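Just below is one structure, and these are the notes that go with it.
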Amino acid sequence: MNDFCPVLVILGVLFNNPDEKNMSENKITRKSFLRNISVLGATAFGASTLITACGGGDSETQPTPDTVTQPAADPCGDTTGLSESDLNMRRNLQYVHETHIPEQRCDNCQLWIEPDNGKCGGCALFRGPVNPNGWCNSWVVMQS
């Protein structure tokens, strides 16, 4: 097998262990190759787990604004006057109009702003109407 394989040469350069006695400069031992490939695989798996844990993956436990449908007649769902940055803030906080955690509602959150007229309140973190039965990931228990 005197064929030139640039992948093995690159891997040999990247994973070359000077303590091992290689037969030549361009070759690596099977043992070091398998060890380094397993380390590379474990690193890739660890990185993907870390990215998922930091919010880069899909969230199956919490509904997002894209997965929750809003009734058209709901006055608390009218976001027509909000800017794109206001809408992004609502999305980033994962605000939904109906909570999936019954004991955590907007109307029993410390950040809830009582409604002036009507049934829609507000939030100290973002602009726009807020459903009293809504929820976001910044919910804080209301202090008495």
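Looking at ASP107, ASP116, just one residue is out of contact with any strand residue (DSSP E or B) (no Cβ under 8 Å at 6 or more places or on another chain) and either assigned to a strand (DSSP E or B) or acidic (Asp, Glu) (or both), and that residue is ASP116. Going by the conditions given, is GLN94 out of contact with any Asp or Glu (no Cβ under 9 Å at 6 or more places or on another chain) and at positive phi? In short, yes. Quick check on my filter: what residues within the stretch 72-93 are more than 15 Å from GLY122 (Cα to Cα) and at pLDDT 90 or above? Hits for the stretch 72-93 are SER83, GLU84, SER85, ASN88, ARG91, ASN92.
The values are calculated or read from the model by the stated rules, or taken from the named source; none is laboratory data. These numbers were taken from a predicted model, which means no experiment stands behind them. FYI the Cβ positions are ideal-geometry reconstructions off the backbone, even for glycines, and counts take in every protein chain you see.
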